[in-house]
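Visitor: Structure incoming, see below.
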Amino acid sequence: MSADLRPNPALAVARLAQERHAVRRRRERFGRLLAATGAAIVVLSILVIPAFLLFELLPHARMPEGVGGRFLLLLAGTLKAGLIAVLVAFPIGLGAAIHIVCFATGRWRAGFRAVLDVLAAIPTVVLGLIALTWLAPWLRSHVATLLVLAAVALAAVLVVSVVFGRPLRARRSWLPLIVLPMLVLVAGVIVGLDPLVDAIAVDTPWNGLLVGLALGVAAIPLVCAVIGEVLQAAWDRHVDAAIALGASRWQALRSLVLPASAPGLVAAALLAFGRCTGETMVLLMASGNTPIASLDPRDGLRSLSAELALSLPGAERGSLAWQVLLFATLALFLLSFACNFAAGRIRGRLSS
Amino acid sequence: MRPGRPLPSAELRGDVGVWLSAACLALCIALAAGIVVVLVRAGLGPFWPQPVVELVLRDQQRLLGEIALEEGDAWILRTSETARPSDGYVRVRRAEVLQVDRPADAWVLLHADGRRSYRRAAQAPEPGATNIVAADPRNALSFGEKVASFGRNLRAYAAGGTGEGPGMLPALAGTLVLVLLMSVIVMPIGIAAAIHLHAYAGPGRIGRLVRGAVGSLAGVPSIVYGVLGLGLFVHGIGGSIDRWFYADRLPVPTFGAGGLLWAALTLALLTLPVVVVTVEEGLARIPVAQRLGSLALGATQGETLRALLLPLARPALLTAWILAIARAVGAVAPLMLVGVVKLAPSLPLDTEFPYLHPSRQFMHLGFAVYDNALASPDALVGVPHAYASALLLVGLVLTLNAAAGLVRKRLRDRYRAFES
């Protein structure tokens with residue numbers, strides 16, 4: 001027998017190594033493919049939404065007569081709810097973010113963040129429930145009381161800050177815990193005295209104000225988180241220099257940090273607006289769901305999202321109603337996409 | 001800016017600013033605490049045994065019952081139900097009431113047909129004779145007995161079958177099965193995408209594209225996912241499955257109607273950005289030296305990931321999972337389009353082969369909140385039930401979030417050890 005057929009140990013080892021090399025390369029390629037598949041699914045899922053909507057809508061490019069008006073009412077209702085909600089959420093979120101970033105320290109800061117996380121975790125269906133069953137009956141006859149309450153609370157905080165601001169300056173970190181009982185007291189007194197019952201006539205308990213308040217509460221944590229992030233970056237960049245020049249923390253905030261992060265504030269408002277207009281449960285439960293052409297916050301509204309939730313399950317596929325609803329979906333998608341895109345661009349420019 | 005000590009007016013303005021920002025934060029705290037308190041009170045309160053009152057009216061009429069609601073200057077009194085459940089509500093103006101008694105010999109009787117009635121009697125009514133299932137001397141209960149009664153009421157409602165609807169257990173079960181099925185779908189995809197972003201994509205065009213896609217997905221309104229689920233999954237894919245495999249059952253849809261699988265897929269899309277962002281963050285947190293060391297020893301990217309990075313990022317994976325569930329549990333709107341129902345005839349998970357029934361309709365806690373609040377035939381019963389479901393839902397979400405926070409803290413501590 002020839003010696004060539006005997007196994008050559010060196011060759012075997014080399015082949016083994018090569019084989020292992022091949023196996024490893026194959027495995028590596030497979031892993032890469034797997035990861036790329038995941039990424040591809042992510043990209044596909046954002047593309048499939050407009051693609052599906054356009055695919056269903058394009059064969060019927062002409063909007064049927066008489067539908068446009070209703071669509072405009074829904075759009076107006078959506079924008080109105082979003083606007084009121086942002087007006088509620090923005091100042092509160094901004095103030096909370098300022099305090100967390102600039103004035104609270106250490107453990108207090110972590111605690112306040114945790115409270116806002118709790119607020120963020122509350123599902124909107126629960127906010128809708130509370131707005132519907134708890135806030136709506138009271139708010140109907142107490143709109144004026146609410147306004148008075150807000151004004152008195154603001155005045156009380158101003159007065160107390162002027163009188164007690166100096167001695168409490170060192171307690172800045174946990175100032176909210178001092179203000180909190182004060183606010184509760186003011187609220188208790190005003191609600192208890194009930195000065196102006198039915199001073200502002202409200203036709204319906206489910207109105208734009210109620211929706212705006214509930215949606216605003218839902219949007220506060222988002223506003224606070226976005227602004228907090230932007231402020232923190234600007235604060236870290238500027239505060240040492242400002243304080244070295246003799247400015248107080250407030251002066252550093254006013255004259256350097258806030259102007260530097262102004263685009264971030266706009267981005268936060270845009271994001272909140274996008275989130276609120278796309279929100280469904282609060283709008284469905286607390287808005288009254290009647291399409292009304294009115295920008296008055298005392299009137300009810302019907303939003304695009306509520307229309308979808310209410311009408312789509314009953315619409316037959318391919319019917320006229322179905323197309324109109326898909327058009328509403330497309331509008332909602334584009335609206336929130338535009339808000340997010342603009343906010344993203346603004347934030348991106350800020351960070352670069 | 002003026003060098004040196006700030007002027008007094010500037011100091012004053014600073015104080016006002018600090019206090020205003022503190023007031024905003026205080027308002028947030030009050031809101032969070034207020035919502036939790038309202039939920040606990042309104043969610044648990046109705047199960048606490050209310051006293052039975054006897055109202056003596058101006059015309060000497062006497063009404064025995066429980067005060068169900070105070071409405072401005074009137075009371076809604078729940079009195080004996082004579083024909084069917086919830087037909088005994090009486091509206092009484094406060095001005096008409098002369099006297100409010102709490103008679104110690106008042107009995108609350110529960111009848112076999114779900115009716116409740118109130119009676120004054122010296123002794124316990126005969127059971128059986130008038131179809132009475134249970135009787136309790138409400139005003140004579142001691143505190144301990146009240147606590148026991150509270151527990152009984154709560155358990156009875158949760159388990160259902162007391163004539164007050166299906167209870168919370170089927171909804172809880174539906175919610176849990178749904179989010180578990182969703183996790184099975186979303187976790188592999190999300191982790192794969194995060195790995196691609198972290199290890200392979202880099203800062204180039206593809207990385208930007210994927211990152212942009214994740215950001216855009218996070219901003220899509222949840223109801224839009226619902227529409228996509230209904231149009232694409234239910235009608236598109238489900239309809240095709242029916243035509244190919246279940247043609248003999250048509251026109252009764254099998255997969256062509258809303259069901260568990262399509263809802264899970266829809267929620268998977270909804271939670272995909274949460275998973276990708278959290279996992280990528282966890283991977284990015286691992287010190288670069290670890291990764292470079294592994295690569296320098298001759299391991300490939302994939303081997304490094306499998307043997308080193310993914311095990312190290314395990315808490316991040318867990319966090320991503322918990323956050324995805326927390327997000328999904330609160331998303332109700334899309335479910336309303338893809339198969340959630342008020343009352344499902346059977347659970348999606350049972351002991352019958354194949355155990356999990358992905359085409360079945362299901363119940364959901366969040367939808368139970370909506371449905372009880374708005375569509376209940378008896379609002380005075382429905383709203384407390386909505387609050388009970390809401391309390392359970394919020395408890396679930398807050399627990400999940402707290403768990404995610406704990407895991408994240410452990411993760412941070414672990415890398416602190418690496419850095420030193």
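The values are calculated or read from the model by the stated rules, or taken from the named source; none is laboratory data. Because the structure is a prediction, the values reported are computed rather than measured. Heads up, the Cβs are rebuilt from the backbone with ideal geometry, glycines too, and the neighbour counts pull from every protein chain shown.
Visitor: On the basis of being at pLDDT 90 or above and crowded, with 19+ Cβ neighbours inside 10 Å, does B:A32 make the cut?
Guide: Yes; evaluated as a whole, the condition is true for this residue.
Visitor: Run A:E316 past the list (1) part of a loop (DSSP other than H, G, I, E, B); (2) in contact (Cβ under 8 Å) with a residue 12 or more places away in the chain and report the number of the one that doesn't hold.
Guide: (2)
Visitor: Cβ-Cβ distance below 7 Å, separation of 6 or more or different chains: which pairs start in segment B:394-411 with a residue that is within 10 Å of A:A121 (Cβ to Cβ) and end on one that is at pLDDT 90 or above and among the charged types (D, E, K, R)?
Guide: From residues that are within 10 Å of A:A121 (Cβ to Cβ), the pairs are B:N401/A:D117.
Visitor: Give segment B:281-298 a look and list any residue that's surrounded by 18 or more Cβ atoms within 10 Å (Cβ to Cβ) and within 14 Å of chain A (Cβ to nearest Cβ), or say none.
Guide: Once the filter is applied, which keeps residues that are surrounded by 18 or more Cβ atoms within 10 Å (Cβ to Cβ) and within 14 Å of chain A (Cβ to nearest Cβ), segment B:281-298 yields B:L283, B:S294.
Visitor: Test A:G278 against the stated conditions and say whether it is at the interface with chain B (Cβ under 9 Å from one of its Cβ atoms) and within 25 Å of the chain's Cα centre (by Cα).
Guide: Yes; evaluated as a whole, the condition is true for this residue.
Visitor: Given the options B:I206, B:I189, name the one that is among the β-branched types (V, I, T), touching a residue at least 12 places away in the same chain (Cβ under 8 Å) and over 17 Å from B:G366 (Cα atoms).
Guide: So the residue among B:I206, B:I189 that is among the β-branched types (V, I, T), touching a residue at least 12 places away in the same chain (Cβ under 8 Å) and over 17 Å from B:G366 (Cα atoms) is B:I189.
Visitor: Here is a follow-up. Just to be sure I understand, how many residues within segment B:184-207 are more than 10 Å from chain A (Cβ to nearest Cβ) and more than 35 Å from the chain's Cα centre (by Cα)?
Guide: Qualifying residue count, segment B:184-207: 4.
Visitor: Okay, next question. Can you tell me which residue among A:V162, A:V179, A:V197 is surrounded by fewer than 20 Cβ atoms within 10 Å (Cβ to Cβ) and at pLDDT 85 or above?
Guide: Only one candidate passes the filter, namely A:V162.
Visitor: Being within 14 Å of chain A (Cβ to nearest Cβ), in contact with a strand residue (DSSP E or B) (Cβ under 9 Å, 6 or more places away or on another chain) and not basic (K, R) narrows it down to one residue among B:E11, B:E70, B:E66; which is it?
Guide: One residue alone meets the criteria, B:E70.
Visitor: Let me ask something else about it. Hey, does segment A:89-99 have a residue that's within 13 Å of chain B (Cβ to nearest Cβ), surrounded by fewer than 18 Cβ atoms within 10 Å (Cβ to Cβ), of a type outside the set (S, T, N, Q) and out of contact with any strand residue (DSSP E or B) (no Cβ under 6 Å at 6 or more places or on another chain)?
Guide: yes
Visitor: Quick one: in segment A:294-329, of everything that is within 28 Å of A:A268 (Cα to Cα) and surrounded by fewer than 20 Cβ atoms within 10 Å (Cβ to Cβ), which residue is modelled with the highest pLDDT?
Guide: Among those that are within 28 Å of A:A268 (Cα to Cα) and surrounded by fewer than 20 Cβ atoms within 10 Å (Cβ to Cβ), it is A:F327.
Visitor: Just to be sure before I move on: is B:A171 closer than 30 Å to B:E66 by Cβ, within 14 Å of chain A (Cβ to nearest Cβ), hydrophobic (A, V, I, L, M, F, W, C) and in contact (Cβ under 8 Å) with a residue 12 or more places away in the chain in the structure I sent?
Guide: Yes.
Visitor: Considering segment B:397-413 alone, what residues qualify as being over 21 Å from the mean Cα position of the chain (by Cα) and surrounded by 15 or more Cβ atoms within 10 Å (Cβ to Cβ)?
Guide: Scanning segment B:397-413 gives B:V407, B:R408, B:L411.
Visitor: Right, another one. Is there a residue in segment A:35-42 that is within 21 Å of the chain's Cα centre (by Cα), facing another protein chain (nearest Cβ under 9 Å), crowded, with 22+ Cβ neighbours inside 10 Å and assigned to a helix (DSSP H, G or I)?
Guide: For segment A:35-42, residues within 21 Å of the chain's Cα centre (by Cα), facing another protein chain (nearest Cβ under 9 Å), crowded, with 22+ Cβ neighbours inside 10 Å and assigned to a helix (DSSP H, G or I): absent.
Visitor: Across segment B:327-353, what is the number of residues that are modelled with pLDDT of 85 or more, not in a loop (DSSP other than H, G, I, E, B) and not β-branched (V, I, T)?
Guide: Looking only at that region, the number is 7.
Visitor: Another question, then. Residue by residue through segment B:169-218, note down the ones that are of a type in the set (K, R) and surrounded by 16 or more Cβ atoms within 10 Å (Cβ to Cβ).
Guide: The answer is B:R211, and nothing else.
Visitor: For B:V38, are the conditions met, namely being in contact with a Cys (Cβ under 9 Å, 6 or more places away or on another chain), assigned to a helix (DSSP H, G or I), at the interface with another protein chain (Cβ under 7 Å from one of its Cβ atoms) and on the phi < 0 side of the Ramachandran plot?
Guide: no
Visitor: Return the residue satisfying two criteria in turn: it lies in segment B:359-396 and is of a type in the set (V, I, T) and surrounded by fewer than 23 Cβ atoms within 10 Å (Cβ to Cβ), and of such residues it is nearest to the chain's Cα centre (by Cα).
Guide: B:V383
Visitor: Hey, does segment B:99-112 have a residue that's under 29 Å from A:D194 (Cα atoms) and touching a residue at least 12 places away in the same chain (Cβ under 8 Å)?
Guide: Within segment B:99-112, one or more residues are under 29 Å from A:D194 (Cα atoms) and touching a residue at least 12 places away in the same chain (Cβ under 8 Å).
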